[in-house]
Amino acid sequence: MTSMIDFGPDTFGWTGAPGGIGNLLDACADYIDYAKIYALNALLLPRDTVKAAAKLYRDHDIAPFAGGILFEYAWQRNELDGLEKLLVELDIGGLEISENYVSLAPDERARMIERFQKRGIDIKYEFGRKNPTAPLSLDELGAVVDAVGRQGIEHVIVEQSDFDMLVAARADAIPALKTQPWFERLLIEADPYRFPKQHVELLETFGTEANLANITPGQVLRLEGFRRGIGRAVNYWIVSRPGSSDR
């Protein structure tokens, strides 16, 4: 699965509004599963623009969702009612609940998920912090995957910073992660600024079917090419390794 991040008009791709998104989706809709509306863009962009963009994604069978920073911003200010109203008005349809800068107890996290689900909002959950102080615990991650799964959340996004710290701190991190029974339910955030090197490394490590998030509009098609063995970054293995269907 590929989760794209829609930064809006940006050097990574001119999206945010239907015009740019439409051109992207005409070419690449088949290779995008989710579209994350970056940070507070649901507030910064004109409301009619966000609403039209969300509809365009859904019309192409891509699930849009507002980024977790919007949830954290509302949670800190006790504005969850306002957030619900905004999401319904914009008809985005999805929300990421994250704990990058806030901390939720397990029962509180469950209540937050249930609250928005009752309003018909599809929830994505992101595990991790922007500035972690210690490597993530696989046991804790697994417990969260199972807990939110019981609430109907199929995939959990792993924050890029936490993933990077885990890999740097533990030599056995990758083999240990790959063997977890819940691994296929993870969406691992890649670093847009480390494209294509890190993205290729993730595919080589976890396989070409690995679920990746934070893929920018300008990287979607090339990532799909890497999955299929197309591109100098993967040594064009589609032709350099005849007969291979996967790495």
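The values are calculated or read from the model by the stated rules, or taken from the named source; none is laboratory data. Small disclaimer: the values here were computed from a predicted structure and weren't measured. Glycine also receives a Cβ, built like all others from the backbone with ideal geometry; neighbour counts cover every protein chain displayed. For accessibility, only protein heavy atoms count, side chains too; no ligands or nucleic acids. Shrake-Rupley method; radii C 1.70, N 1.55, O 1.52, S 1.80 Å.
With no solvent and one equal point scatterer placed on each C-alpha of the chain, evaluate the Debye formula and give log10 I(q)/I(0) for q = 0.11, 0.17 Å⁻¹, two decimals.
The Debye formula, applied to the Cα set alone, gives -0.58, -1.35.
Give me the number: length gained by fully extending Leu40 to Lys55, i.e. 0.36 nm times residue separation minus the C-alpha to C-alpha distance, one decimal in nm.
3.6 nm
Leaving out ligands, DNA and RNA, what percent of the accessible area of the chain is carbon and sulfur, probe 1.4 Å?
C and S fraction of accessible area: 50 percent.
Taking only protein heavy atoms into account and a 1.4 Å probe, give the accessible area per residue of the chain in Å².
48 Å²
Return, for the Cα atoms of the stretch 76-121, the radius of gyration and Dmax in Å, separated by a comma.
Rg, Dmax (Cα atoms, Å): 10.8, 29.
Looking at the stretch 1-110, which GluC sites (Glu not before Pro) are DSSP coil and have at most 14 other C-beta atoms within 10 Å of their C-beta? Write down the numbers at each step before the final one.
Values: sites: Glu72, Glu79, Glu84, Glu89, Glu96, Glu99, Glu108; in loops: Glu79, Glu99.
Within the stretch 1-110, the qualifying GluC sites (Glu not before Pro) (loop, at most 14 other Cβ atoms within 10 Å) are Glu79.
Which of the trypsin sites (Lys or Arg not before Pro) found in the stretch 1-77 are in a DSSP loop and have at most 15 neighbouring Cβ atoms, other than their own, within 10 Å?
Within the stretch 1-77, the qualifying trypsin sites (Lys or Arg not before Pro) (loop, at most 15 other Cβ atoms within 10 Å) are Arg77.
Over what distance in Å are the Cα centres of the stretch 103-130 and the stretch 1-72 separated?
Spelled out, the Cα-based centre of one part sits 21 Å from the other.
Please give, to one decimal in nm, the separation of the simple spin-label points placed at Arg170 and Asp91, each 7 Å out from Cα toward the Cβ.
Label at Arg170, label at Asp91, 4.4 nm between them.
Provide, for q = 0.12, 0.18, 0.19, 0.22 Å⁻¹, the log10 of I(q)/I(0) from a solvent-free Debye sum over equal Cα point scatterers in the stretch 33-168.
The Cα Debye sum returns log10 ratios of -0.46, -1.02, -1.12, -1.42.
Summing -39500 (n - 2.57) over the DSSP H runs of n ≥ 4 in the chain and dividing by its residue number, what mean residue ellipticity at 222 nm do you reach, to the nearest 500 deg cm²/dmol? Present the calculation step by step, with values, prior to reporting the outcome.
Details: 12 runs with 110 residues, N = 247.
Calculated from helices alone, the mean residue ellipticity at 222 nm is -12500 deg cm²/dmol.
State, in angstrom, two size descriptors of the stretch 125-247 derived from its alpha carbons: Rg to one decimal place and Dmax to the nearest whole number.
Using the Cα atoms of the stretch 125-247, the pair Rg, Dmax is 15.1, 45 Å.
For the stretch 144-213, I need the span (max minus min coordinate) of the C-alpha atoms along each principal axis, in Å, sorted largest to smallest.
That works out to 35, 24, 22 Å along the principal axes.
Percent antiparallel among DSSP beta bridges with both residues in the chain, to the nearest 5?
10 percent
Can you report the principal axis dimensions of the stretch 11-104 using only the alpha carbons, biggest first, rounded to whole angstrom?
Computed over the Cα atoms, the extents are 40, 25, 24 Å.
I need the calculated FRET efficiency for the pair Glu79 and Ala147, taking r as the beta carbon distance and R₀ as 25 Å, to the nearest 0.05.
0.50
Rg(Cα) of the stretch 197-244 divided by 2.2 N^0.38 Å? List each step's numbers first, then the result.
Numbers: Rg = 10.4 Å, N = 48, 2.2 N^0.38 = 9.6 Å.
Taking the Cα Rg and dividing by 2.2 N^0.38 Å, one obtains 1.09.
Would you kindly calculate the translational diffusion coefficient of the stretch 89-193, applying Stokes-Einstein with the Kirkwood radius from alpha carbon pairs, for 10 °C and a viscosity of 1.306 mPa s, and quote it in µm² s⁻¹ without decimals?
Estimated via Stokes-Einstein, D reaches 110 µm²/s.
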